[in-house]
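The values are calculated or read from the model by the stated rules, or taken from the named source; none is laboratory data. Everything numeric here is computed off the predicted structure, so don't read it as measured data. As a convention, Cβ positions derive from the backbone with ideal geometry for all residues, glycine included, and neighbour counts pool all protein chains shown. Heads up: the accessible areas ignore ligands, DNA and RNA and are worked out on the full protein's heavy atoms, side chains in. Shrake-Rupley method; radii C 1.70, N 1.55, O 1.52, S 1.80 Å.
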Amino acid sequence: MARTKTPPPPPAHQMRQTTLFDALPRARPQQPQARRAHEPDALDQKLDLALSAVFGHQGFRPGQRATCRAAAQGRDCVVILPTGGGKSLCYQLPAVITRGVTIVVSPLLSLIEDQVSTLISLERCGGVPAAHLTSSTKETTSRAILRELHSAAEGRVDYPTLKLLYVTPERLALSENFRDVLEKLHRANLLARIVVDEAHCVSEWGHDFRPDYRKLGQLRSFLPGVPFMALTATATQACESDLRKSLKIKPTAHAHRTSADRPNLRFGVRDFSDCSPVNAAASFFLSHTSRVDGVWAPPDATPPKPSPRQERHTRRVALMASGPRTHPHTGTPSPLPPHAADAYNAQEDVRDAVVDFVRRRAGQCGIVYCMTQADAEACADHLTDKLKDVGTTAHHYHAGMTQLQRRVVQAAWQQGKLDVVCATIAYGMGIDKADVRYVVHASLAKSLEGYYQEAGRAGRDGRASECLMLYRDQDVGKVQKLLRGFGRKKRRGPKLQRDLDRLDDMARYCGMKDGCRRRQLVGHFGKDPGPSSGGGPCCDLCDARNPALRPPAPPPKPPAVRKRGPPVPQPRVRKAPEVVDLLGDSDDEVLASKRARA
Ligand SMILES: Nc1ncnc2c1ncn2[C@@H]1O[C@H](COP(=O)(O)OP(=O)(O)OP(=O)(O)O)[C@@H](O)[C@H]1O
């Protein structure tokens with residue numbers, strides 16, 4: 001009987017793994033949930049397999065599959081997905097299934113560290129090999145990374161173990177050695193892709209322009225043919241076309257832009273500048289609470305709250321009665337001039353509103369954004385102090401803390417040991433916590449783009465969440481001053497004008513008395529999303545117009561029973577003019593009081 005010969009095993013160097021994907025168990029790919037426009041091919045199967053085996057997801061989110069396919073085929077990509085839409089997967093998955101290293105340029109250290117630690121701790125596949133080269137990378141680690149890349153590029157090892165290497169744009173711009181290694185990797189066909197995350201930083205039309213991002217386009221000249229991928233959540237049309245030009249994105253690039261709409265977010269503004277009618281809607285926003293199942297409903301029995309103006313007046317009268325004012329934290333007497341006392345009161349009002357808002361959401365997780373580091377600390381102290389009874393914990397987070405302090409606070413918050421983080425915008429990018437139920441801005445954001453990105457940290461799990469802005473019109477002046485700069489750093493020219501225009505847009509959003517805040521926000525980034533489908537959360541202005549959500553009108557008073565008889569003479573009461581002023585009585589009463597004094 002003729003025996004069939006088994007072929008000899010290939011030489012060891014041919015048995016190498018070329019990608020991490022090859023090391024994965026050959027499980028059957030999961031059936032895709034949605035019907036696809038094309039027949040699933042080998043690439044689709046590879047994507048499905050890596051999606052479940054490496055990342056543990058059951059299906060792709062809108063836009064992810066097409067982007068992963070285009071990236072794996074070596075095309076340029078531009079991806080504009082809302083915050084929490086799953087942009088990272090669009091470059092991490094292709095990085096895992098293609099040969100070579102993917103370089104990810106990202107603007108923020110905390111974002112980079114977050115991403116790397118998530119990737120290396122993906123347990124299903126024993127972790128995706130990822131690292132970063134930033135100012136926080138230890139010298140020995142940096143040297144080891146560069147050594148490995150050089151070895152692979154020079155053919156001393158078959159391929160680099162690293163699949164994803166995160167760098168800051170500054171690092172890329174500064175390090176000759178790093179540029180050199182990129183060139184060598186490219187020549188050895190081991191440079192898979194350059195990813196530009198938070199790509200709006202490339203454009204001067206973006207709200208967070210970084211000059212070093214602008215230089216990224218130069219990489220095209222010494223890395224010809226290397227595909228680029230640009231991703232952002234907040235790019236207006238102008239910003240998108242500028243970043244395409246700057247990064248020299250090819251016309252054949254795959255583009256995916258979804259509406260910036262986040263239907264699970266409810267937007268509101270509470271105006272502390274005056275007692276505008278918007279405040280009625282805003283108080284209503286504050287007094288409503290979300291149930292865990294995401295249905296919006298008024299709280300069961302809340303005692304009627306005095307309006308902010310009434311509260312302010314009560315406090316001023318009490319202040320006048322209590323003699324010279326003392327600082328609440330230091331205890332030192334501070335005879336404030338009248339305008340400063342006003343500002344101080346407004347600040348107190350804002351903090352009280354934050355306390356009130358957080359108290360109604362005790363046990364939920366949130367972020368409070370503050371303008372300065374001192375504000376963030378004071379706000380966290382205030383919340384901790386006032387919310388002891390409901391067990392809410394709060395801590396500040398800002399750039400003035402050491403890296404270790406920041407890590408401890410972030411870890412406690414991520415693990416649910418801390419309810420609220422009071423932060424400056426340093427805490428904005430890179431927070432991947434699914435169950436943030438609210439984001440409160442205790443001060444004005446500089447632009448709608450920045451605001452939407454920060455507010456977008458809420459509700460990444462898709463469940464109903466709230467975004468509240470506490471607004472005082474004097475904040476506009478403060479932010480304008482910051483934007484104009486001081487002394488030698490004074491700014492001029494068209495860039496300053498663009499920033500001031502963005503601030504105007506932000507102030508206009510806060511001052512809206514009509515219309516829909518969600519439509520205003522989403523329309524700013526592209527197409528108007530149209531009116532809310534109803535039933536879900538929308539904004540304070542829409543809710544105020546919705547008869548189903550209007551608080552029940554108080555029952556009519558029974559008519560007073562008049563007794564007939566001669567009129568009883570009333571004693572005349574004289575009011576001191578300052579008291580009349582403080583209580584905000586009507587002009588008629590002031591006039592009457594003046595007449596009485598005359
Ligand atoms: N296909 C998917 N199925 C389930 N979960 C997913 C999927 N894709 C991404 N996610 C999860 O969604 C969350 C948000 O993803 P990611 O951080 O990539 O969002 P993003 O668009 O980068 O947001 P941001 O702009 O805020 O950085 C992550 O926890 C991620 O694991």
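Here is how the numbers come out for the structure above:
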item	result
Karplus-derived HN-Hα couplings along segment 434-444 (A = 6.51, B = -1.76, C = 1.60, θ = phi - 60°), whole Hz, x at Gly and Pro	6, 9, 6, 8, 8, 10, 10, 9, 7, 8, 5
In nm, spacing of pseudo-spin labels at residue 359 and residue 545 (7 Å Cα→C-beta vector)	3.3 nm
Ranked packing of 433-441, 217-225, 89-97, most packed first, by mean Cβ within 10 Å	89-97, 433-441, 217-225
Equivalent ellipsoid semi-axes, segment 381-445, via Cα gyration tensor eigenvalues times 5, rooted, Å	18, 14, 13
Fully extended contour minus Cα-Cα distance, from residue 140 to residue 245, at 0.36 nm per residue	34.0 nm
Pair residue 528, residue 187: separation of 7 Å Cα→Cβ label points (nm)	5.7 nm
Highest-first arrangement of 248-258, 126-136, where packing means the average Cβ count within 10 Å	126-136, 248-258
Heavy-atom accessible area order for 432, 271, 501, largest first, 1.4 Å probe	432, 501, 271
In nm, spacing of pseudo-spin labels at residue 389 and residue 432 (7 Å Cα→C-beta vector)	4.1 nm
Sequence-distant residues sharing a close amide H with residue 469 (under 5 Å, placed H)	268, 269, 270, 441
Length-normalised contact order for segment 42-257 - Cα pairs under 8 Å, 6+ apart - percent	28 percent
Cα-based shape type of segment 443-493, given that a ≥ b ≥ c are square roots of the gyration tensor eigenvalues and the cut on a/c is 1.5	prolate
Per-pair calculated FRET efficiency, R0 = 35 Å: residue 273 and residue 412 via Cβ, rounded to 0.05	0.50
Per-residue ³J(HN,Hα) for segment 88-105, Karplus 6.51 cos²θ - 1.76 cosθ + 1.60, θ = phi - 60°, Hz, x for Gly and Pro	4, 4, 4, 10, 6, 5, x, 4, 5, 9, 10, 7, x, 9, 9, 9, 10, 9
Accessible-area ranking of 43, 468, largest first, probe 1.4 Å	43, 468
Distance histogram in 10 Å bins (all Cα pairs of segment 115-228, percent per bin)	13, 41, 37, 9, 1
Surface/4 estimate of mean projected area, convex hull on alpha-carbon atoms of segment 42-257, nm²	11.2 nm²
Range of Cα positions in segment 79-142 per principal axis (Å), largest first	35, 26, 22
Unsatisfied cross-links (Cα-Cα over 29 Å) in the set 87/250; 446/513; 87/481; 388/478	87/481; 388/478
